[in-house]
Amino acid sequence: MNPTLDFLAGGGEVGVRLRALNWQETPLGPPEHWPQSLKTIVRVMLDSRYAMWMLWGADLTFFCNDAYLPTVGIRRDWVLGARADKVWEEIWPDIGPRISTVLEHGQATWDEALLLFLERSGFAEETYHTFSYSPVYDDGSRIAGMLCVVTEVTERVIGERHLRVLRDLAARAAGMETVQQACDRLIAVLAADLLDVPFACLYLIDKASAEARLASHHGELPEWLRPATVSLGKADKWRLGDTLRRNDSHVVALTELIASPLWPEQLITQAAVLPIQGQGSSESCAVLVAGLSPRRPLDDSYRGFLDLVAGQFAAALADAQGYEAERQRAEALGALDRAKTIFFSNVSHEFRTPLTLMLGPIAEAAADPATSAPVRAQLELAHRNSLRLLKLVNSLLDFSRIEAGRAQASYEPRISRRSPGILPARSARPSSGRGCASWSGARTSPSPCISTGRCGKRSC
């Protein structure tokens, strides 16, 4: 190598390209005639493992190092020695004023996580960069160019955005009482993330009818791309039936003109179809159709994010389905309890009517002087047992009224004449009078009594 070109030694792939480039056809001319200040900054840039690019001279000649090649992308074959405003033509309205500030005033700039849409992969890609533009001086200490030291933070910024979406999905899933409410809330979270999901449709699977029902959606989609119901046995645009049979996600290419909500000039060309697993089952209970951003590559990070979204949908729908099932169970038990109460109430009435009709004739027959002693004894026995049965029927009717909420308490003040004392143990002998039970031998303090309003029953 020519000793005058030692400053181009090394540098990896960029060094090879710089040495092979015909600089005679560029405004800078042969490298051996470059000013020493340019040789020095080029050598520093080539030896650095930090991503750098620079421009030099009035023609804005472009240089970069190996670490910057991923940012250049598919243009790496022609960018070296080209005009910087042609290399970054699509973002020049964003970076041009910053570069002018450096070249005209010598003031360095600083930007953190600046959004730039780079066409490095054949389309305008969403990227984020933290960088500084600094002036570069020639041998006469005049500003001759600009040096950019840059860190691409695309993965970090998008990763943080994905975490926020997943956090919001988990937060909105709390407290959902119905499956429909869960669907609407989850889709609303995706509607706030148009950078990753420009449109979405959530279909619930009805196994009985072998149909998928559109539960919720967002985005400007024609109706024939979001049908209300889809027969799983027939072909459809999203291939929902195939998704359920394979139980795996797939990507559908779109030929329809669906404009991006953020960039109307750019069309959405792909959508991901993701199965949503049911609770405690390997079968899917729903399918999520998610439009893919036209300004992001479908890489592992993007796919992983969509899989996590599907997982959050599965957990939220499972919770909502469990809540609905529990509520339906509670409603069924409540209906059963009401039916039981009505049944016991009716049965009590049916039992009490014949008992009441029986007690009168039995009492009259027992009190008749013409009745013989043996027959009177049998009648009195029948009368006592009938009263006991009537008491049980009345108690059953009282409990039925309480459960039905129809019992009404009547409060009547009553002062006991007994001396203050403590209620004795349950071994006290009860005495009955007029169909009401009371405890004898009790020593109680004065207290009001409560009457149930039937047969003069009182509770002290």
For this session: Take the alpha carbon gyration tensor of the range 158-329, find the square roots of its eigenvalues, order them as a ≥ b ≥ c, and report rounded if a/c is under 1.5; if not, report prolate when a/b exceeds b/c, else oblate.
Result: oblate
Exercise. Cα to Cα, under 19 Å, and not fewer than 8 places away if on the same chain: which lysines meet these conditions relative to K234?
Worked result: K207
Problem set entry | Rounded Å value of the spacing that divides the Cα centres of the range 39-87 and the range 173-236 | 48
For this session: Between E89 and R213, take the C-beta separation as r, use R0 = 41 Å, and let me know the FRET efficiency to the nearest 0.05.
Result: 0.25
For this session: Count the net charge of all other residues whose Cβ sits under 14 Å from the Cβ of P31, scoring Lys and Arg as +1 and Asp and Glu as -1.
Result: +1
Exercise. What's the longest piece of the chain with no exposed GluC sites (Glu not before Pro), counting a site as exposed if DSSP puts it in a loop and it has at most 15 other beta carbons within 10 Å?
Worked result: 284-460
Exercise. Per residue of the chain, what 222 nm ellipticity follows from adding -39500 (n - 2.57) for every DSSP H run with n ≥ 4, rounded to the nearest 500?
Worked result: -13500 deg cm²/dmol
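Every read-out reported here was derived from the displayed coordinates using simple, explicitly stated rules and does not represent laboratory data. On a predicted model such as this, the values are computed, not experimentally measured, just so you know. Virtual Cβ from ideal backbone geometry, glycine too; neighbours counted across all protein chains shown.
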